[in-house]
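The values are calculated or read from the model by the stated rules, or taken from the named source; none is laboratory data. Just so you know, these numbers come straight off a predicted model, no measurement behind them. Using ideal geometry, Cβ is built from the backbone for each residue, glycine included, and neighbour counts are taken over all protein chains shown. We work out accessible area using only protein heavy atoms, side chains counted, and drop any ligands, DNA or RNA first. Shrake-Rupley method; radii C 1.70, N 1.55, O 1.52, S 1.80 Å.
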Amino acid sequence: MLRPELRQSALALGRGSDTAAIAAGPKAVALQEAVALPTDPALPQLADGRHYPLVPADPAELAALLAAVETALRDPATPAGQLPRLGHQQQVIYRQLSRDPARSEAVLALLDPAWRSVAERHVAARREFLAMQRRSRPLATLPAWRIIAPAPAEELLAHYRKAAAATGIDWEVLAAINLVETGMGRIDGVSVANAQGPMQFLPTTWAQSGVGQGDIRDPHDAIQAAARYLVRRGGLQDIRRGLWGYNNSDYYGRAVLLYASLLRDDPRAYTGLYHWEIHVHTEAGDLWLPVGYTQSQPVPVAAYLRQVPASAPPAARSGPA
């Protein structure tokens, strides 16, 4: 459990609010004040004042916080300046729960059924990727990437919808692919397989007739190309077959479709996903690579953390990463 000085009300809803109100489902009471996220002034911070999100150990406290965050991310009255912290908090909660079945079961049991369905799919999607990576060792060096700010949320949404209208591939699937491939364009780098751009195309695939048009690194062009490629791989008949063509893994396809289902059921879920940050699993834990990370060559994890200690998870305070 968080230390007493860190323990805060998960959400200020005005006088008379309680945990039951906080844990209500997606159509709950409108927010009146900002979510009070757990904080610790002793943690290392980035230049913008943010630190690695803290996650309460107590299941009831965590369930209340999660419901509050989910509510705030969907509320149009939430100030835009609060969304990055809220989205990152949501992401880190689900990353932690996905690695701890007992903890996740306890938290899910305390949520309103509507939020429980949302949380179950988030956790299930993340576990698909954990299963996909189970034979991979934690990274000892960080990749030679740049982490950049993504295109504006509404601009990306317009690109997804344009591609969906042109091809019949659901926009929610395209958004989910963009999320899992590069954090909606935050990763500017080349994969070990030479995949490039915000939708991670191999240049040879991009060059196929009727697939790549324009710039492989341009969000608009890459999203349109992804939709055309999914059609080519049979996605209109069976989207799972199309996703297998995109990445030869059933784990990948199931994860993408879980995220797409969240967007299909409630398009407001896009706000949270758009604000997710880049995390990588390393020998020092689940490291956060914020916008501004720039490495032209792979860098040892320990060397990077000496420069940017705020990237490390506060494991002693928040439980396993």
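Side notes on the structure shown:
- Summarising the overall dimensions of segment 246-303 from its C-alpha atoms, the Rg and Dmax are 15.4, 43 angstrom.
- Segment 207-249 - Rg (one decimal) and Dmax (whole number), Cα, Å: 10.4, 28
- Exposure rule at most 13 other beta-carbon atoms within 10 Å, DSSP loop GluC sites (Glu not before Pro): the chain longest free segment: 34-282
- Were the residues from GLN237 through ARG264 laid out at 0.36 nm apart, the gain over their Cα-Cα distance would be 7.9 nm.
- Alpha carbon convex hull of segment 195-269, volume per residue in cubic angstrom: 93 Å³
- Accessible carbon and sulfur surface of the chain relative to its total accessible area, %, 1.4 Å: 53 percent
- In this structure, ARG161 and ASN248 have a Cβ-Cβ separation that, at R0 = 22 Å, corresponds to a calculated FRET efficiency of about 0.20.
- With the simple spin-label model, which puts each label point 7 Å out from Cα in the Cβ direction, the ALA34 to THR204 separation comes to 5.0 nm.
- Where Rh is the Kirkwood radius over Cα pairs, Rg/Rh for segment 220-321: 1.07
- As a size descriptor, the averaged projected area of the C-alpha convex hull of segment 116-244 was calculated at 9.0 nm².
- Shown here is the pair-distance distribution of segment 145-193: with all Cα-Cα distances grouped in 10 Å bins from zero up to the longest one, the shares run 26, 48, 24, 2 percent.
- Within segment 46-192, all pairs of alpha-carbon atoms sorted by distance into 5 Å bins from zero give the percentages 2, 8, 13, 18, 20, 18, 14, 6, 1, 0.
- Residues of segment 49-66 with amide N under 17 Å of a point placed 7 Å along Cα→Cβ from ALA102: 57-60
- When all protein chains stay in place and ligands, DNA and RNA are ignored, the 1.4 Å accessible-area order of SER117, SER296, largest first, is SER296, SER117.
- Average projected area [Cα convex hull, segment 78-161], square nanometres: 8.4 nm²
- Cβ-derived FRET efficiency at R0 22 Å, VAL190 paired with VAL308, nearest 0.05: 0.50
- Considering only Cα atoms, the convex hull volume of the chain works out to 130 Å³ per residue.
- Alpha-carbon centroids, segment 88-127 and segment 58-76: separation in whole Å: 11 Å
- Between LEU130 and GLN213, the modelled label-to-label distance comes to 4.2 nm, taking each label 7 Å out from Cα in the direction of the beta carbon.
- Residue-averaged 222 nm ellipticity for the chain, from DSSP H runs of 4+ at -39500 (n - 2.57), nearest 500: -14500 deg cm²/dmol
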